[in-house]
1. In segment 11-20, what residues are part of a strand (DSSP E or B), open to solvent by less than 30 Å² (accessible area, probe 1.4 Å) and over 15 Å from Tyr79 (Cα atoms)?
2. Just to verify a result, which residue in segment 55-101, among those that are without any contact (Cβ under 8 Å) to a residue 12 or more places away in the chain and among the acidic types (Asp, Glu), is nearest to Ser17 (Cα to Cα)?
3. Give the residues of segment 21-54 that are over 30 Å from Ser116 (Cβ atoms), in contact (Cβ under 8 Å) with a residue 24 or more places away in the chain and part of a loop (DSSP other than H, G, I, E, B), sorted by residue number.
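The values are calculated or read from the model by the stated rules, or taken from the named source; none is laboratory data. Here the structure is a predicted model, which means the values were calculated and not measured. All Cβ positions, even for glycine, are placed from backbone atoms using ideal geometry, and neighbour counts span all protein chains on display. These area figures cover heavy atoms from the full protein model, side chains too; ligands, DNA and RNA do not enter into them. Shrake-Rupley method; radii C 1.70, N 1.55, O 1.52, S 1.80 Å.
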Amino acid sequence: QVQLVESGGGLVQPGGSLRLSCAASRSIFSFNAMDWYRQAPGKQRELVARITGSSTTIYATSVKDRFTISKDNAKNTVYLQMNSLKPEDTAVYYCHADLGSFRQGYWGQGTQVTVSS
């Protein structure tokens, strides 16, 4: 019903920056929150950042002070600005629309971020 399309991933050197975008097919204002998750091979998918409908943000401790989540409701788009990237940030990054109430949300296809020299 809702499509989420990520973009902006790629290969960067340690210390570099990337900005990921997540474009939704309908208004993101109706969602409980918009999230960025990431998953590396052999590891569980983990929450990286969340922005709520009231624009409250939370971050994983591993990315706090380096990553910033933001949104543009008029463009139905969520962003993840990633600075000071480290090799351990390498993963597939997924956009997620949270519906709340323990309901299954919507997922994007993911975009690969590789941090390597």
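1. Correct list: Val12 only.
2. Applying the filter and picking the extreme gives Asp65.
3. Within segment 21-54, the first condition is being over 30 Å from Ser116 (Cβ atoms), and the residues that meet it are 24-33, 52-54.
Within this subset, residues satisfying the condition of being in contact (Cβ under 8 Å) with a residue 24 or more places away in the chain are 24-29, 31-33, 53.
Answer for segment 21-54, where residues must be over 30 Å from Ser116 (Cβ atoms), in contact (Cβ under 8 Å) with a residue 24 or more places away in the chain and part of a loop (DSSP other than H, G, I, E, B): Ser25, Arg26, Ser27, Ile28, Phe29, Phe31, Asn32, Gly53.
To keep it simple, each residue is scored yes or no on (1) out of contact with any strand residue (DSSP E or B) (no Cβ under 6 Å at 6 or more places or on another chain); (2) modelled with pLDDT of 95 or more; (3) open to solvent by less than 20 Å² (accessible area, probe 1.4 Å); (4) on the phi > 0 side of the Ramachandran plot.
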| position | (1), (2), (3), (4) |
| --- | --- |
| Gly53 | yes, no, no, no |
| Asp65 | yes, yes, no, yes |
| Ser70 | no, yes, no, no |
| Asn83 | yes, yes, no, no |
| Tyr93 | no, yes, yes, no |
| Gly100 | yes, no, yes, yes |
| Tyr106 | no, yes, no, no |
